[in-house]
1. Tell me whether the stretch 89-106 contains one or more residues that are free of Cβ contacts under 8 Å to residues at least 60 places away in the same chain, outside any helix (DSSP H, G or I) and buried (at least 23 other Cβ atoms within 10 Å of the Cβ).
2. On the given criteria, is SER122 more than 30 Å from ARG159 (Cβ to Cβ) and hydroxyl-bearing (Ser, Thr, Tyr)?
3. Among the residues of the stretch 69-113, write down those that are closer than 13 Å to LEU155 by Cα and either of a type in the set (Asp, Glu) or in contact with a Ser or Thr (Cβ under 6 Å, 6 or more places away or on another chain) (or both).
4. Do any residues in the stretch 117-139 that are farther than 11 Å from ARG82 by Cα have Cβ atoms under 6 Å from those of residues that are crowded, with 18+ Cβ neighbours inside 10 Å and at pLDDT below 95, where the two are at least six apart or on different chains, and which pairs are they?
5. Looking at the stretch 140-159, which of its residues are buried (at least 19 other Cβ atoms within 10 Å of the Cβ) and among the charged types (D, E, K, R)?
6. Please count how many residues of the stretch 54-81 are in contact with a Gly (Cβ under 7 Å, 6 or more places away or on another chain) and either small (Gly, Ala, Ser) or assigned to a loop (DSSP other than H, G, I, E, B) (or both).
7. Every residue in the stretch 38-62 that is more than 16 Å from THR146 (Cα to Cα) and crowded, with 20+ Cβ neighbours inside 10 Å, please.
8. Condition first: in a loop (DSSP other than H, G, I, E, B), over 16 Å from CYS94 (Cβ atoms) and more than 13 Å from the chain's Cα centre (by Cα). Now tell me which residues in the stretch 109-159 satisfy that.
Amino acid sequence: MRLNTSLGLPFVLLLCACASGQGGGEKGHALASGPDLPSLFFKSGQPARDAELMDALDDRLTDPDKVLGGVVQAAKANPEVRIEISGHADLEECKAVDCRDLSRRRAKAVHDWLRTHGVSESALAAPKGYGHDRAIAADSTDSGRTYNRRVEFSLIWTR
């Protein structure tokens, strides 16, 4: 099975996973552990209900347009891969709102944006919200909390 590799940087991790044999290209198996494409980061407490996705994103760590564009390209160019979208939150946010609900809203907002930009439903797994369960940084600093307010993309073989 050959993947479209003309997409550049978003596929670096995917190609490394394939080359190392992780995931084995077997149906239903993730290609690598952790996120496979760059993450999107959110402003604290965002998205509010019925808010625009782009207004909710924090562009200090990644360029949302490039990340989302790369995901759209990856989905369209590689029908053998399904994209799992997982939302996350920082601990401070969890004090004021339902953490899992907020992280699910993040994942759902990205899922819906991808759908409206041409990604088929079959290319996307159901959005998941993990709350603060999978923090990647300490919540004791502003920058740590910023890293925890994110959506990650994981690639899963479907064939």
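The values are calculated or read from the model by the stated rules, or taken from the named source; none is laboratory data. For clarity, every value in this text was computed on a predicted model and none was experimentally measured. Positions of Cβ are backbone-derived with ideal geometry, glycine not excepted, and every protein chain shown enters the neighbour counts.
1. Looking for residues that are free of Cβ contacts under 8 Å to residues at least 60 places away in the same chain, outside any helix (DSSP H, G or I) and buried (at least 23 other Cβ atoms within 10 Å of the Cβ), one finds at least one in the stretch 89-106, hence yes.
2. no
3. Passing the criteria: GLU80, ARG82, GLU84.
4. GLY131/CYS99; HIS132/CYS99
5. Within the stretch 140-159, ARG145, ARG149, ARG150, GLU152 meet the criteria.
6. Residues flagged as in contact with a Gly (Cβ under 7 Å, 6 or more places away or on another chain) and either small (Gly, Ala, Ser) or assigned to a loop (DSSP other than H, G, I, E, B) (or both) within the stretch 54-81 amount to 0.
7. If the condition is that a residue be more than 16 Å from THR146 (Cα to Cα) and crowded, with 20+ Cβ neighbours inside 10 Å, then LEU53 is the only one that fits.
8. HIS117, GLY118, VAL119, SER120, THR141, THR158, ARG159
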